[in-house]
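Accompanying notes for the structure given below.
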Amino acid sequence: MLFLLHHLEQYFGLLDCGWYEVDGEKLPFPIWKFNHGPADGTVAFTTAGLSEHPLPSSSGGEVIRHELVIFGREDERLDLLPAILVQVGETILRAGRALLYGDVLGPSGPIIPGSELTAFYVTGHAYMPDSFNVVHDDQGEHLILLWLIPITDGEASFCREQGAKKFEAQIARVDPDFLDWDRPSFL
């Protein structure tokens, strides 16, 4: 995964720390933290090995390799995000299906304490240049970096009922701050 580390460090600076096991038990894939997210005062958490489990797409026979990324402003509550990324990744592996742009995960109660954000919307990285979204490994194969945007119950319902296109149109109209884990619903 050295190629992935080099790619991420180009955008987020040096790796701050990683989680490889919990209570002596090896994680199914590591989680990495970078202290220089897409804006000043933000951090990035990523999976680092989920892509070693290629998964079929639900929209066809294509096999997809992806890693997950979550951003936020520096906040001690974000220390829970590594465990959340492991939980999301394990859920994906059990389901045996790759995530696609426009998917909604949850809602499942507050993602972090004190927040109204209860679900994730899967998309590309609007805060990052296009060159960030796809990484090529040592064999020239590609993997996709997917951004898990934290959303509220109402936003998740709207997206499921109205579809990803209308949801993204609302995002473009309102321009919510997806780096703010205390933001209110924009719908």
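The values are calculated or read from the model by the stated rules, or taken from the named source; none is laboratory data. Because the structure is a prediction, the values reported are computed rather than measured. All Cβ positions, even for glycine, are placed from backbone atoms using ideal geometry, and neighbour counts span all protein chains on display.
Considering every residue within the range 78-91, establish whether at least one is surrounded by 13 or more Cβ atoms within 10 Å (Cβ to Cβ) and in contact with a Gly (Cβ under 6 Å, 6 or more places away or on another chain).
Taking every residue of the range 78-91 in turn, at least one turns out to be surrounded by 13 or more Cβ atoms within 10 Å (Cβ to Cβ) and in contact with a Gly (Cβ under 6 Å, 6 or more places away or on another chain).
List pairs: first residue in the range 161-187 and without any contact (Cβ under 8 Å) to a residue 40 or more places away in the chain, second residue among the small types (Gly, Ala, Ser) anywhere in the structure, Cβ distance under 7 angstrom, at least six positions apart or on different chains.
The qualifying pairs are LEU187/GLY154.
Counting just the residues of the range 5-30 that are part of a strand (DSSP E or B) and among the hydrophobic types (A, V, I, L, M, F, W, C), which one comes out surrounded by the most Cβ atoms within 10 Å (Cβ to Cβ)? Quick ask: steps written out before the conclusion?
Within the range 5-30, the subset part of a strand (DSSP E or B) is 15-22, 25-30.
Those left that are additionally among the hydrophobic types (A, V, I, L, M, F, W, C): 15, 17, 19, 22, 27, 29.
Details: LEU15: 15, CYS17: 10, TRP19: 17, VAL22: 12, LEU27: 20, PHE29: 22.
Among those residues, the one meeting the criterion is PHE29.
I'd like to know if the range 148-159 contains one or more residues that are surrounded by fewer than 21 Cβ atoms within 10 Å (Cβ to Cβ), modelled with pLDDT of 95 or more and among the acidic types (Asp, Glu).
Yes, the range 148-159 contains at least one residue that is surrounded by fewer than 21 Cβ atoms within 10 Å (Cβ to Cβ), modelled with pLDDT of 95 or more and among the acidic types (Asp, Glu).
Residues of the range 53-88 being touching a residue at least 40 places away in the same chain (Cβ under 8 Å) and among the acidic types (Asp, Glu), which ones?
Matches in the range 53-88: GLU67, ASP75.
Quick one: in the range 35-48, which of the residues that are among the small types (Gly, Ala, Ser) and at pLDDT 95 or above is farthest from GLY18 (Cα to Cα)?
First, pick out the residues of the range 35-48 that are among the small types (Gly, Ala, Ser): 37, 39, 41, 44, 48.
When the remaining residues are screened for being at pLDDT 95 or above, the result is 44, 48.
Values: ALA44: 12, ALA48: 9 Å.
Once the filter is applied, the top-ranked residue is ALA44.
Is one or more of the residues making up the range 78-95 modelled with pLDDT under 95 and part of a strand (DSSP E or B)?
Taking every residue of the range 78-95 in turn, none turns out to be modelled with pLDDT under 95 and part of a strand (DSSP E or B).
Would you confirm, using the coordinates I've provided, whether SER131 is farther than 18 Å from ILE151 by Cβ and of a type in the set (Gly, Ala, Ser)?
Here the answer is yes, as SER131 does meet what is asked.
Is it fair to say GLY109 is surrounded by 12 or more Cβ atoms within 10 Å (Cβ to Cβ), in a loop (DSSP other than H, G, I, E, B) and modelled with pLDDT under 95? Talk me through it step by step, then tell me what you get.
Values: surrounded by 12 or more Cβ atoms within 10 Å (Cβ to Cβ): no; in a loop (DSSP other than H, G, I, E, B): yes; modelled with pLDDT under 95: yes.
Taking the combined requirement at face value, the residue does not satisfy it.
Please indicate, with yes or no, whether at least one residue in the range 162-177 is in a helix (DSSP H, G or I), touching a Gly at 6+ places or on another chain (Cβ under 9 Å), buried (at least 18 other Cβ atoms within 10 Å of the Cβ) and aromatic (Phe, Trp, Tyr).
Looking for residues that are in a helix (DSSP H, G or I), touching a Gly at 6+ places or on another chain (Cβ under 9 Å), buried (at least 18 other Cβ atoms within 10 Å of the Cβ) and aromatic (Phe, Trp, Tyr), one finds at least one in the range 162-177, hence yes.
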